[in-house]
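**Student:** So that we are looking at the same thing, I have put the structure below in structure tokens.
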Amino acid sequence: MQDVDIAKETTAPAKGPRRTHAQRSTETRQKLCEAALQLLSELGYERVTTALIAQRAAVSKGAQTHHFPTKADVLAAAFEHLLAGWKERRAHFLQEQGGTSTLDTALRYLWREVFSRPDYIAAVELMLAARHDLQLRDKLQVQLATWTVARDDMFRRATGLDGDLEKTSTFLSLNYCVLRGMAIYDGINERSDNGPVLELWISMAKSHIQSEARL
């Protein structure tokens, strides 16, 4: 009997290190942010409530309120979480490309890793809601202030678009309008195929950049 007990002890799975309070807190916040993004994409801003977010995240309402007292708080945190994910993928892309890229590769990356993903629709929902929710707007503006600068700088460095800054800025604005429009169209038309549209836009963008270079 003693041998059996020893065998049980030696084969019992070892318990991992106990998570700290900070780790548990971070995990809870991430769950709430990811749940908020999912619900924004599925239901839209108006139908999303803090109770639904807590339920989707499998977190108690009390824990949700502790971390994010208001709807604007949790949605702003979700937006920040989304931007962090984009930043991480951007860094990975630049590392893969050795710091530089062709225009068509950069545009395909933006479509694949940002605009065509379901969580981009969540970002659109938040930006539209911020027009009328002043508390949310203030929070998003702070986050976007540094984000857009880093995003555009990445695109310039990756593609070598370092000429006339004003013209480059205008082209980047047009580029994001096109990709954003494709994303919204995808969101309302499940049968849409943006592949040919993307390829046409890449062709038009390359022609524009080449014509600017000849001037």
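The values are calculated or read from the model by the stated rules, or taken from the named source; none is laboratory data. Everything quoted here is computed from the prediction, not taken from an experiment. Glycine also receives a Cβ, built like all others from the backbone with ideal geometry; neighbour counts cover every protein chain displayed. With ligands, DNA and RNA removed, areas are computed over all heavy atoms of the protein, side chains included. Shrake-Rupley method; radii C 1.70, N 1.55, O 1.52, S 1.80 Å.
**Student:** Residue pairs, Cβ under 8 Å, 6 or more apart or interchain, first in region 129-144 and without any contact (Cβ under 8 Å) to a residue 24 or more places away in the chain, second part of a helix (DSSP H, G or I) and of a type in the set (A, V, I, L, M, F, W, C). List them.
**Tutor:** 130/136; 130/140
**Student:** Follow-up. Of the residues that make up region 75-94, is at least one within 19 Å of the chain's Cα centre (by Cα), modelled with pLDDT under 90 and surrounded by 19 or more Cβ atoms within 10 Å (Cβ to Cβ)?
**Tutor:** Yes; the residues of region 75-94 include at least one that is within 19 Å of the chain's Cα centre (by Cα), modelled with pLDDT under 90 and surrounded by 19 or more Cβ atoms within 10 Å (Cβ to Cβ).
**Student:** Given the conditions (1) at positive phi; (2) modelled with pLDDT under 90, and given that residue 13 satisfies all but one, which numbered condition is not satisfied?
**Tutor:** Single failed check for residue 13: (1).
Results for (1) among the hydroxyl-bearing types (Ser, Thr, Tyr); (2) surrounded by 14 or more Cβ atoms within 10 Å (Cβ to Cβ), shown as yes or no for each residue.
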| residue | (1), (2) |
| --- | --- |
| 127 | no, yes |
| 131 | no, no |
| 136 | no, yes |
| 141 | no, no |
| 154 | no, yes |
| 170 | yes, no |
| 173 | yes, no |
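**Student:** Residue by residue through region 102-120, note down the ones that are open to solvent by 40 Å² or more (accessible area, probe 1.4 Å), over 21 Å from residue 170 (Cβ atoms) and not small (Gly, Ala, Ser).
**Tutor:** As a first pass, look at region 102-120 and keep what is open to solvent by 40 Å² or more (accessible area, probe 1.4 Å): 102, 105, 108, 112-113, 116-118.
Narrowing further to those that are over 21 Å from residue 170 (Cβ atoms): 105, 108, 112-113, 116-118.
Passing the criteria: 105, 108, 112, 113, 117, 118.
**Student:** Of all residues in region 94-130, count the ones that are of a type outside the set (A, V, I, L, M, F, W, C) and part of a helix (DSSP H, G or I). Before you say what the answer is, go through the steps one by one.
**Tutor:** We begin by selecting, within region 94-130, every residue of a type outside the set (A, V, I, L, M, F, W, C); these are 95-102, 104-105, 108-109, 112-113, 116-120, 125.
When the remaining residues are screened for being part of a helix (DSSP H, G or I), the result is 95-96, 104-105, 108-109, 112-113, 118-120, 125.
So the answer is 12.
**Student:** Still on this structure, please answer the following. Would you mind finding the one in 99, 62 that is out of contact with any helix residue (DSSP H, G or I) (no Cβ under 6 Å at 6 or more places or on another chain) and either open to solvent by less than 30 Å² (accessible area, probe 1.4 Å) or in contact (Cβ under 8 Å) with a residue 60 or more places away in the chain (or both)? Break it down stepwise before answering.
**Tutor:** Values: 62 fails: either open to solvent by less than 30 Å² (accessible area, probe 1.4 Å) or in contact (Cβ under 8 Å) with a residue 60 or more places away in the chain (or both).
When all the criteria are applied, what remains is 99.
**Student:** Right, here's the next one. Against the conditions (1) farther than 21 Å from residue 199 by Cβ; (2) at pLDDT below 90; (3) part of a helix (DSSP H, G or I); (4) touching a helix residue (DSSP H, G or I) at 6+ places or on another chain (Cβ under 9 Å), where does residue 162 fall short? Just the number, please.
**Tutor:** The number of the failed condition is (3).
**Student:** Still on this model: I need a count of the residues in region 53-75 that are part of a loop (DSSP other than H, G, I, E, B) and either more than 10 Å from residue 31 (Cβ to Cβ) or touching a His at 6+ places or on another chain (Cβ under 6 Å) (or both).
**Tutor:** Qualifying residue count for the region: 4.
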